[in-house]
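One structure below.
The values are calculated or read from the model by the stated rules, or taken from the named source; none is laboratory data. Being a predicted model, the structure only gives us computed values, none of them experimental. Every residue, glycine among them, receives a Cβ derived from its backbone with ideal geometry; neighbour counts consider all protein chains shown.
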Amino acid sequence: MVIKAVKFREHGFYTQPFAFGGEEGPDKFDSNIRYRGSMQNYLIDTGDEVILVDTGFPAGTPEESPDETSLGYTGKDICSYMEAFAALGYKPEQVTKILLTHKHSDHSGEIKSFPNAKVYVGKDELAAAELQGLTNLVPVEYTDGAYYNFPESQKIADGIFLIKAKGHTYGNSIVIVELDGLFYMLHGDITYVDEALYENKLSVVFDDLAAARETMDRVREFVKNHPTVYCGTHTPQGYENLEAKRVIDLDNPVETVFEEFDFSKKEATGKYICSVCGYVYDPADNDGIAFEDLPDDWRCPLCNQPKEKFNKA
Ligand SMILES: [Fe+2]
């Protein structure tokens, strides 16, 4: 069995208010601190089958063009998700299962592009707008009981488990792969950056804050007690941990590396994109109303985030 990162964006960032501000509020943190960002999902080749954990942004999702006020930035395209998948040497027809950690379009974007795949997703996620009209969904009821200190889980294949991890979304899950004595935690967005796990902070993106706290506590307890490789979606530390087989040690954080950003202005398209879910606001689809002219309390129609989570596209 082998786990590979499917890398499709690089040189992004998440500010400390975004990555840490869920419980104490974004104002308590320093917006000038930007942690490295990237976008990657994961592929598990068991030798018998090819299993994906999440499936990127949908093709055609525009890049954001961040400025000094942007709270988060998913990064520059390396390529599309499907190109990144193909570059690993696989064909869409080979994928038999997709384990969807949650609904957001940077995770669910291409689930329709794998004709032979069943999509395993927590049953509480099924009402999500992103998942409507799909015929290959398998609602997961976590019928296999506890997985160590996580109360609800379901075995997907030998050594591969989907674990209920509510909070970021209502039906959020994490995936754990047992391989060569290590526990690879392919966790979707339990944190956006590993620094938040070390510092025990929740991001500002959640459907259920109390559940997100409970999940974070369980994740931290798990990684204290089991040799865990922590593989996130939004930070280069996700694939760096994977490639180095680096076991997370909460008492000895991996050193934070910052990246410099060039905020020089690009030509404005008038489009804005939600940095949380990838929803694109295009004035052409909205009676010509400029994003700037939307009311202050306007929210993302897909994930309900406020205007300040949007970046220029
Ligand atoms: Fe995400």
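Scanning the range 166-203 for residues that are touching a Phe, Trp or Tyr at 6+ places or on another chain (Cβ under 6 Å) and surrounded by fewer than 18 Cβ atoms within 10 Å (Cβ to Cβ) gives no hits. Considering only the range 26-36, I want to know if a residue exists there that is within 16 Å of the ligand (Cβ to nearest atom), at pLDDT below 95, touching a helix residue (DSSP H, G or I) at 6+ places or on another chain (Cβ under 9 Å) and under 19 Å from LYS309 (Cα atoms). Scanning the range 26-36, I find no residue that is within 16 Å of the ligand (Cβ to nearest atom), at pLDDT below 95, touching a helix residue (DSSP H, G or I) at 6+ places or on another chain (Cβ under 9 Å) and under 19 Å from LYS309 (Cα atoms), so the answer is no. Picking from residues in the range 226-273 that are modelled with pLDDT under 90 and acidic (Asp, Glu), the one that is farthest from the ligand (Cβ to nearest atom) is GLU267. Going by what's in this entry, would VAL276 be described as within 16 Å of the ligand (Cβ to nearest atom), part of a loop (DSSP other than H, G, I, E, B), of a type outside the set (Phe, Trp, Tyr) and touching a Lys or Arg at 6+ places or on another chain (Cβ under 8 Å)? Answer is yes for this residue. Looking at ASN116 and the list (1) at pLDDT below 95; (2) over 20 Å from the mean Cα position of the chain (by Cα); (3) not hydrophobic (A, V, I, L, M, F, W, C), which single condition is not satisfied? If we test ASN116 against (1) at pLDDT below 95; (2) over 20 Å from the mean Cα position of the chain (by Cα); (3) not hydrophobic (A, V, I, L, M, F, W, C), just (1) comes out false. Residues in the range 48-100 that are surrounded by fewer than 19 Cβ atoms within 10 Å (Cβ to Cβ) and of a type in the set (Lys, Arg) were compared, and the one that is farthest from PRO17 (Cα to Cα) is LYS91.
Give just the number: which of (1) farther than 19 Å from VAL6 by Cα; (2) more than 16 Å from the ligand (Cβ to nearest atom); (3) crowded, with 20+ Cβ neighbours inside 10 Å; (4) among the hydrophobic types (A, V, I, L, M, F, W, C) does PHE206 not satisfy? Just one mismatch for PHE206, condition (2).
Applying the criterion of at least 1 residues that are in contact with a Phe, Trp or Tyr (Cβ under 7 Å, 6 or more places away or on another chain), of a type in the set (Val, Ile, Thr) and not assigned by TED's automatic domain parsing to the domain that holds VAL276 to the strands (runs of 3 or more DSSP E) found wholly in the range 32-127 leaves 50-53, 95-100.
Check the range 127-145 and report whether any residue there is touching a His at 6+ places or on another chain (Cβ under 8 Å), away from the ligand (no atom under 16 Å from the Cβ) and not β-branched (Val, Ile, Thr). No, every residue in the range 127-145 fails to be touching a His at 6+ places or on another chain (Cβ under 8 Å), away from the ligand (no atom under 16 Å from the Cβ) and not β-branched (Val, Ile, Thr). Against the test of being outside any strand (DSSP E or B) and buried (at least 23 other Cβ atoms within 10 Å of the Cβ), the options PHE18, PHE8 yield a single qualifying residue, PHE18.
All conditions in (1) closer than 20 Å to THR169 by Cα; (2) out of contact with any helix residue (DSSP H, G or I) (no Cβ under 9 Å at 6 or more places or on another chain) hold for VAL276, with the sole exception of (2).
Quick check: anything in the range 157-165 within 22 Å of ASP217 (Cβ to Cβ), within 16 Å of the ligand (Cβ to nearest atom) and either crowded, with 20+ Cβ neighbours inside 10 Å or assigned by TED's automatic domain parsing to the domain that holds HIS104 (or both)? Break it down stepwise before answering.
As a first pass, look at the range 157-165 and keep what is within 22 Å of ASP217 (Cβ to Cβ): 161-165.
With the extra rule that they be within 16 Å of the ligand (Cβ to nearest atom), the set shrinks to 165.
The next check asks that each one be either crowded, with 20+ Cβ neighbours inside 10 Å or assigned by TED's automatic domain parsing to the domain that holds HIS104 (or both); those that pass are 165.
Checking the range 157-165: at least one residue is within 22 Å of ASP217 (Cβ to Cβ), within 16 Å of the ligand (Cβ to nearest atom) and either crowded, with 20+ Cβ neighbours inside 10 Å or assigned by TED's automatic domain parsing to the domain that holds HIS104 (or both).
Among the residues of the range 87-107, those that are within 27 Å of SER153 (Cα to Cα) and among the basic types (Lys, Arg) comprise LYS97, LYS103. Within the bounds of the range 122-144, is there any residue that is of a type in the set (S, T, N, Q) and at pLDDT 95 or above? Yes: the range 122-144 contains one or more residues that are of a type in the set (S, T, N, Q) and at pLDDT 95 or above.
So that you can scan it fast, the table gives a plain yes or no per residue for (1) within 28 Å of GLY167 (Cβ to Cβ); (2) in contact with a helix residue (DSSP H, G or I) (Cβ under 8 Å, 6 or more places away or on another chain):
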| residue | (1), (2) |
| --- | --- |
| GLN16 | yes, no |
| ASP48 | no, no |
| GLY60 | no, no |
| TYR90 | no, no |
| HIS102 | yes, yes |
| SER108 | yes, yes |
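CYS300 falls short on exactly one of the conditions (1) over 16 Å from the mean Cα position of the chain (by Cα); (2) within 16 Å of the ligand (Cβ to nearest atom); (3) in the same structural domain as SER65 (by TED's automatic domain parsing), and that condition is (3).
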